[in-house]
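Participant: Please see the structure below; I have some questions.
Laboratory data are not the source of any read-out in this text; all were calculated from the coordinates shown. Since this is a predicted model, take the numbers as computed values, not measurements. Positions of Cβ are backbone-derived with ideal geometry, glycine not excepted, and every protein chain shown enters the neighbour counts.
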Amino acid sequence: MKREFTGRHFTAILLGWFGVVVTVNLFMASLATQGFGGVVVKNSYVASQKFNGWLDAAREQEALGWSAAVDRGDDGHVLVTTQGVPSGARVSALLRRPLGDPQQTGLAFGASAPGVFVSTVPVAEGRWIVRLTIEDADRRWVGESRIP
């Protein structure tokens, strides 16, 4: 016994198909927004040639065993708390806005306690991306983080 193919069957198939498509699109969009944001370069070919060098530099930096956490204090100064960094290391940073007008601000830091560095000037309100550089003799560590 064959059943008649009606408009209800077609509607159910159509809605089911579009439901699958929308679900897959939402899943892929969530993966895309949680992943690596990418890098903007002037020449992608030249950047691809330097990629292995960047990986080597990252391995060397990881071998140092240094880490840093960046935060903004109540007074507006940027606080950097480090681990594994030798005393006498120099800390500097370049701040930039994540959106809008391209603003960049350089920051110098002074040690306030062992492993804790405070910026010499306060930072304006708003979101910033901090590119932190820690140097000691011929060793260098670079990291990036966001402060709200």
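Participant: Where in the chain lies the longest segment free of trypsin sites (Lys or Arg not before Pro) that are both loop residues by DSSP (not H, G, I, E, B) and have at most 13 other Cβ atoms within 10 Å?
Facilitator: After excluding every exposed loop site, the longest remaining stretch is 43-126.
Participant: How far is it, in nm, from the label point at residue 20 to the one at residue 54 when both lie 7 Å from their Cα along the line to the Cβ?
Facilitator: 3.8
Participant: Let me ask another. Taking a quarter of the surface of the Cα convex hull of the range 5-77, what do you get in nm²?
Facilitator: 11.9
Participant: Once every DSSP H run of n ≥ 4 in the chain is given -39500 (n - 2.57) and the sum is divided by its residues, what mean residue ellipticity at 222 nm do you get, rounded to the nearest 500 deg cm²/dmol?
Facilitator: -11500 deg cm²/dmol
Participant: Taking the Cα atoms only, what angle lies between the long axis of helix 44-64 and the longest principal axis of the chain, rounded to 10 degrees?
Facilitator: Tilt relative to the chain: about 60 degrees.
Participant: Still on this structure, I have one more. Scanning the chain for GluC sites (Glu not before Pro) in DSSP loops with at most 16 other Cβ atoms within 10 Å, what's the longest stretch left with none?
Facilitator: The longest such stretch corresponds to 5-124.
Participant: Please work out the FRET efficiency for the pair residue 147 and residue 113, using the Cβ-Cβ distance as r and a Förster radius of 22 Å; give the result to the nearest 0.05.
Facilitator: 0.65
Participant: Still on this structure: Helix 7-34 versus the longest principal axis of the chain: what is the Cα-based angle in degrees, 0 to 90, to the nearest 10?
Facilitator: With both axes taken from Cα atoms, the answer is about 10 degrees.
Participant: Whose amide H sits under 5 Å from the amide H of residue 77, counting only residues 5 or more places off or on another chain, with H placed in the peptide plane?
Facilitator: 123
Participant: On a full-extension model of 0.36 nm per residue, what is the gain between residue 94 and residue 28, subtracting their alpha-carbon distance, rounded to one decimal in nm?
Facilitator: Full-extension gain reported as 20.4 nm.
Participant: Please list, in order along the range 132-147, the HN-Hα scalar couplings obtained from phi with the Karplus expression 6.51 cos²θ - 1.76 cosθ + 1.60 (θ = phi - 60°), rounded to whole Hz, x for Gly and Pro.
Facilitator: 8, 10, 10, 10, 8, 6, 9, 9, 9, 10, 10, x, 10, 8, 10, 10
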